[in-house]
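These notes concern the structure reproduced below.
The values are calculated or read from the model by the stated rules, or taken from the named source; none is laboratory data. Predicted model only: the values in this text are computed from it and were never measured. Neighbour counts run over all protein chains shown; Cβ positions are idealised from the backbone, glycine included. Protein only, heavy atoms only, side chains kept; ligands, DNA and RNA dropped before computing areas. Shrake-Rupley method; radii C 1.70, N 1.55, O 1.52, S 1.80 Å.
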Amino acid sequence: METVEKKRVLIIEDESHIAEGIKLNLTLQGYAAKVAVDGIEGLEKWRAWDPDLIVLDIMLPMVDGFSILQTIRREDEKIPVLILSARGDTRDKVRGLKYGVDDYLSKPFDLEEFLLRVERLVKRKEWYEPPGKEGRKSGCPLFEGTAYSFGTNHIDFVTSTAQCAAGEVVLTEQEITLLRIFIAHQGKPLSRKMLLKAGWGYARDTSTRTVDNFIVRFRKYFESKPKSPVYFKSRRSVGYIFEPGEYNL
């Protein structure tokens, strides 16, 4: 018998009695739910857990809800976000809509109404995310050229080989895909989650260490000093950025 994966809801709420009450009721409705009690923990769990929906308070320790919403929307425009806040005036609602919130519910709230809103948002996410999100299917731009050079490195996408600091290297299909993504987005920080989704359409339980391992390989291939990279750089709390410099074709 096939097991249906539970939809994941991340609750970013610092009032423990509200957060645990929401978690309990979502669990009873068949969802998988996790709680984050401040803004930093919320961002960390969002990146690591890949939820289907975020329930977000505005007034949070460390990082406020509006800042969290802006950060999320810079990396993911489709994940539904439901603001649940005691601040229910029109100005806050307009600000939330401006930053990309999908729904806004003021505290105190009716539990049945809340659960119906959650159900609607999760279903809407399914409409816009059919199976097979990798590469072109996901709409993620890929470098379409047959060759690319940066520094003293040269990549031949026709033969899947590279002449580089490590000598001649035969590249795997996944390495080619990831390189095409980096080249198309050069100079732009890319999250591990975005790279996994755009590159391969990964399963939920695939570790983001997958991307880290590929970056280690790229540094060995293309960097003269892998421990002091100049092309494939880390961006703390974000992911990686490819900066080819001025000498690239």
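Values as computed for the structure displayed
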item: Cβ-Cβ under 7 Å pairs, at least 6 apart or on other chains, the range 102-127 side touching a residue at least 40 places away in the same chain (Cβ under 8 Å), far side of a type in the set (G, A, S); result: K107/S85; K107/A86
item: Test: residue in the range 230-245 that is open to solvent by less than 60 Å² (accessible area, probe 1.4 Å), modelled with pLDDT under 90 and more than 24 Å from R73 (Cα to Cα); result: yes
item: Unique residue being of a type in the set (S, T, N, Q), open to solvent by 70 Å² or more (accessible area, probe 1.4 Å) and either out of contact with any strand residue (DSSP E or B) (no Cβ under 7 Å at 6 or more places or on another chain) or within 20 Å of D14 (Cα to Cα) (or both) when the list is T90, T71; result: T90
item: Residue identified as at pLDDT below 95, in contact with a helix residue (DSSP H, G or I) (Cβ under 6 Å, 6 or more places away or on another chain) and hydrophobic (A, V, I, L, M, F, W, C) among M62, M1; result: M62
item: Filter result (closer than 15 Å to I79 by Cα and part of a helix (DSSP H, G or I)) within the range 100-119; result: R117, V118, E119
item: Qualifying residues in the range 67-101 (those that are of a type outside the set (A, V, I, L, M), touching a helix residue (DSSP H, G or I) at 6+ places or on another chain (Cβ under 6 Å) and more than 17 Å from S191 (Cβ to Cβ)) - the one modelled with the highest pLDDT; result: P80
item: Test: residue in the range 6-19 that is open to solvent by 80 Å² or more (accessible area, probe 1.4 Å) and among the basic types (K, R); result: yes
item: Residues being surrounded by fewer than 18 Cβ atoms within 10 Å (Cβ to Cβ) and in contact with a strand residue (DSSP E or B) (Cβ under 7 Å, 6 or more places away or on another chain) - total across the range 21-33; result: 2
item: Failed item in (1) touching a Leu at 6+ places or on another chain (Cβ under 7 Å); (2) farther than 14 Å from R47 by Cα; (3) modelled with pLDDT under 90; (4) aliphatic (A, V, I, L, M), with V211 passing the rest; result: (2)
item: Residues of the range 38-67 satisfying the condition of being part of a loop (DSSP other than H, G, I, E, B) and either surrounded by fewer than 18 Cβ atoms within 10 Å (Cβ to Cβ) or not aliphatic (A, V, I, L, M) (or both); result: D38, D50, P51, D52, D57, M59, P61, M62, V63, D64
